[in-house]
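FYI, it's all coordinate maths here, none of it is from the lab. Keep in mind that what you see is a predicted model, and the values were worked out from it rather than measured. All Cβ positions, glycine included, derive from the backbone under ideal geometry; neighbour counts span all protein chains shown.
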Amino acid sequence: MATSVLVTGSSGYIGSHACLALCAAGHKVVGLDDLSRGNAQAEVVLSKKFGSSFVPNRGDIADRTLVGKLCREHGVTAVMHFAAKAYVGESVEQPLLYHDVNTGGAIALLSAARKAGVSRFIFSSTCATYGEVPPDRIPINEAQAQNPINPYGRSKLAFEHVLFDEVAAAAATGKDFAVGALRYFNVAGSDPAGVVGEYHAPETHLIPIILGCLAKVRPDLDNTVPVLGGSYPTPDGTPIRDYVHVSDLIRAHEMVLAALKPGQKMVFNVGTGVGWSVRQVIAACEKVTGLPVPLAIRPARAGDPAKLLADATAIRAATGWVPEYPDLHDAIAHAWKWMQANPPGRWNPTA
């Protein structure tokens, strides 16, 4: 059944893919972004493709008046909340900013949405809420203790608690409210059709860094990929991570939204359960592009675990979700296609 969905962070990487998928499925999408980290050209592309089904808005998630107005005017029944500050290093340097936006701003958003009658809320959370996980507890499932080690993870965990308290209070008073919290691992790729793609400023994700160096658009790195550490306790000495295609991630959001029942909270890890080391990712990029990747070995980053993998058994059992693109080569190919058409820092509004 078609609904009206408020998508925060609608010009960002994951948010723009959510807008694309929701509009394509027949929903009305009300976007909200302050452009502190997103790219306005995402709105140009989505508006051109979907017309009045996509309604972009400029504003802050903490603006309760604006959020309430948008929800009431457009009959919003669900929120997908992606807007956030998401750089771990920055969170250590500016913890107040992260708690102000990721916790305080999210609380304001939730409060305004609830007052406007919104009954479903899907939250973009993170595996950073788990903190350092012992090797014998990997792959990580949802029962793993949450002990985040940085302000970013703590700010996300704090809002998870707020959401769960609100759904419990609503259930106790017979009100219809349900929430989904999806804890991401590593997200990769772009829309397979190339409508929207991955853009960050600064870019810290491994795959777009590699592809940016191959496209020779990373003069800040001398177009050379930095490999942080080479002596981890892994087969090739580099860290292993779980990568999920961004389109598969968004489909997980859609399926959780459809599955939610009044008074319910759904908490899921989203990943493939398959690990790729840094060197394996580099080799996959070389295979997809046919280009050699120039490397520079750098010191390991403090606090980086050797291995992080998601146990996604719970979301598969509850919703039937399975990745359509489990092979990382597909995500890389889709990201490379989009990057070639849209060099980093610039979108092609006519694409």
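Here are the numbers:
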item: The chain: most fluctuating residue of Asp304, Asp191, Asp248 per GNM, C-alpha cutoff 10 Å; result: Asp304
item: Prolate/oblate/rounded label for the range 1-65 (Cα gyration tensor, a/c 1.5); result: oblate
item: Backbone HN-Hα couplings from phi across the range 57-63 [Karplus 6.51/-1.76/1.60, Hz, Gly and Pro as x]; result: 9, 9, x, 9, 5, 7, 7
item: Cα centroid of the range 186-209 to Cα centroid of the range 92-123, whole Å; result: 25
item: Student exercise, the range 4-341 dipole from Lys, Arg, Asp, Glu Cβ charges, in Debye to nearest 20; result: 580
item: Mean residue ellipticity (222 nm) of the chain, computed from DSSP H runs ≥ 4 via -39,500 (n - 2.57), nearest 500; result: -11000 deg cm²/dmol
item: C-alpha long axis of helix 41-50 to longest principal axis of the chain, angle in °; result: 60
item: Shape call, the range 125-195: gyration tensor on alpha carbons, a/c limit 1.5; result: oblate
item: Cα centroid of the range 128-176 to Cα centroid of the range 258-315, whole Å; result: 20
item: Cα long-axis angle, helix 13-24 against the chain (0 to 90 degrees, to the nearest 10); result: 60
item: Charge dipole (the range 164-258, unit charges on Cβ, about Cα centre) - positive-most of Leu249, Val187, Pro235; result: Pro235
item: Residue-wise HN-Hα coupling along the range 122-134, computed from phi with Karplus coefficients 6.51, -1.76, 1.60 (Hz; x: Gly, Pro); result: 10, 10, 7, 9, 7, 5, 5, 5, 7, x, 7, 10, x
item: Once exposed loop GluC sites (Glu not before Pro) are cut out (DSSP; at most 11 other Cβ, 10 Å), longest piece of the chain; result: 133-323
item: Residue among Ala259, His334, Ser155 farthest towards the positive dipole end of the chain, charges placed on Cβ; result: Ala259
item: Cα-centred dipole magnitude for the range 213-290, charges only on beta-carbon of K, R (+1) and D, E (-1), debye, nearest 20; result: 220
item: Cut-off under 5 Å, modelled amide H: who pairs with Gly273 long-range; result: Ala310
item: Amide hydrogen neighbours beyond the local backbone of Gln144, cut-off 5 Å, H modeled; result: none
item: Within a Gaussian network of the chain (alpha carbon springs, distance under 10 Å), most fluctuating of Val246, Val270, Val227; result: Val227
item: Most mobile listed residue (Asp136, Asp176, Asp34) in the chain, GNM with C-alpha springs under 10 Å; result: Asp136
item: Three-way shape call for the range 231-351 based on the alpha-carbon gyration tensor, with the a/c threshold at 1.5; result: oblate
